[in-house]
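The values are calculated or read from the model by the stated rules, or taken from the named source; none is laboratory data. Here the structure is a predicted model, which is why all the values come from computation and not from measurement. Please note: Cβ atoms are built from the backbone with ideal geometry, for glycine as well, and neighbour counts cover all protein chains shown. For accessibility, only protein heavy atoms count, side chains too; no ligands or nucleic acids. Shrake-Rupley method; radii C 1.70, N 1.55, O 1.52, S 1.80 Å.
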Amino acid sequence: MPSLDTAVMVLAGITLFAAFVNGALGYGFSSLTVPVALVFYTNRVLNPAVVVVEVLINLYVLFINMSGVPAVWKRAFPILIGLLPGIGVGALVLASLQPGWIKFGTYTVILPLILVQAAGWRRPIRSTWLVGLPFGTALGVLYSVTTISGPPLAILFNNQGLVKNEFRAGLALVRVAESSMTAFVYYQLGLFVAESENILLVLIPSVVVGIPLGAYLIRRLDAETFRRICMSFDAWVVGFGFSRVLIDLNLMESPLAYSVMAVTILIDIYLLYVFFTVQRAASS
């Protein structure tokens with residue numbers, strides 16, 4: 001295992017990058033931070049610190065995108081209603097399951113979502129009660145166990161034809177609710193421990209620097225290309241983490257376990273090729 005100093009330096013670096021991405025895109029902090037941080041920490045220690053930071057980040061993103069809220073709140077409302085039971089169930093799972101299996105579940109769910117998003121999957125989805133309630137409940141379970149909800153939310157809102165401001169407002173509205181409720185449930189279950197507080201002290205400076213920097217620089221970058229490159233980084237990191245946890249749980253032996261990472265990288269390289277080919281054709 002790496003030393004504590006190594007873990008802290010890696011955590012500070014990845015959270016600075018994740019905060020930069022979140023400032024640029026409106027989401028991505030936990031989905032970039034958690035896969036790397038799980039190499040050093042368990043979900044039970046990491047999640048409370050990440051959730052506290054996400055409450056603050058999501059409030060900020062919601063504040064700067066308030067003009068888009070009237071267009072999306074009706075679509076988000078069924079999701080918000082469905083969140084509460086899901087968060088309760090997920091927090092109980094986090095408090096009771098063996099940490100290694102929680103890591104395994106995190107990577108198993110997140111990796112396909114990232115690859116689907118990277119593939120640019122598009123299919124019109126209306127956030128009706130029929131879709132919104134079960135989606136919200138599943139999202140609540142996912143978030144309270146992993147603190148990650150950006151990929152499924154991005155897929156949902158990307159397929160509703162929202163403009164940039166409405167997209168960010170919808171994401172922020174749901175994520176303010178889920179992070180706030182999750183923080184409250186964690187507190188009630190006694191999941192805030194001293195080690196989580198130490199992690200929080202590492203996260204806060206990275207967020208204070210990274211969020212404004214990302215919001216400023218995205219004006220000079222092509223947002224779609226930047227988003228796609230960030231997803232590739234995320235997929236490769238998750239592939240590595242997945243391979244590591246397979247070894248830790250004795251489900252596969254090294255080096256065979258790293259075939260998961262290799263397959264993930266090959267799939268993503270193909271998706272990158274398709275993305276940039278389409279971009280080049282559109283430019284021509």
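Compare 219, 228, 168 by solvent-accessible area with a 1.4 Å probe and give them largest first, with all protein chains kept in place.
Numbers: 219 175, 228 0, 168 35 Å².
The ranking, largest first, comes out as 219, 168, 228.
A crude spin-label estimate for the pair residue 66 and residue 198, with each label 7 Å from Cα along the Cβ direction, gives 4.0 nm. Residue 222 contributes about 90 Å² of solvent-accessible surface, heavy atoms of the protein only, 1.4 Å probe.
By the gyration tensor of its Cα atoms, with a ≥ b ≥ c the square roots of the eigenvalues, what is the shape of the chain: rounded for a/c under 1.5, prolate for a/b over b/c, or oblate?
Details: a/c = 1.37, a/b = 1.11, b/c = 1.24.
The shape class here is rounded.
Considering only 246, 274, 211, the residue lying farthest towards the positive end of the dipole of the chain is 274, judged by Cα position with unit charges set on Cβ.
Highest mobility in the GNM of the chain, judged by mean-square fluctuation with C-alpha springs under 10 Å and restricted to 31, 232, 259, is found for 259.
Assigning unit charges at the beta carbon (Lys, Arg +1; Asp, Glu -1) and nothing else, what dipole magnitude in debye, to the nearest 20, does the stretch 30-134 show about its Cα centre? Intermediate values should be presented prior to the final figure.
Details: 7 positive and 1 negative charges, 69 e Å.
For the stretch 30-134, the charge dipole is close to 340 debye.
How would 141, 238, 89 line up by accessible area, probe 1.4 Å, largest first?
My answer, sorted largest first, is 89, 141, 238.
Under a 10 Å cutoff between Cα atoms, tell me which one of 154, 223, 71 has the largest fluctuation in the Gaussian network model of the chain. Greatest mean-square fluctuation among the candidates belongs to 223.
Comparing mean-square fluctuations of 205, 152, 48 from a GNM of the chain with C-alpha springs under 10 Å, the top value falls on 205.
Just from its helices, what would the mean residue ellipticity at 222 nm be for the chain, if runs of 4 or more DSSP H residues each count -39500 (n - 2.57) and the sum is divided by every residue, rounded to the nearest 500 deg cm²/dmol? Walk me through the numbers before you get to the answer.
Numbers: 11 runs with 228 residues, N = 284.
Only helices count here, giving -28000 deg cm²/dmol.
For the chain, with all protein chains present and a 1.4 Å probe, just round the carbon and sulfur fraction of the accessible area to a whole percent. Carbon and sulfur: 71 percent of the exposed surface of the chain. Residues in the stretch 162-224 average 51 Å² of solvent-accessible surface per residue, probe 1.4 Å, ligands and nucleic acids excluded.
Screening the chain for DSSP H helices whose Cα atoms reach 24 Å or more along their own axis and whose mean Kyte hydropathy is at least -1.0 gives 4-25, 43-64, 69-96, 99-118, 129-146, 164-188, 194-217, 223-248, 259-283.
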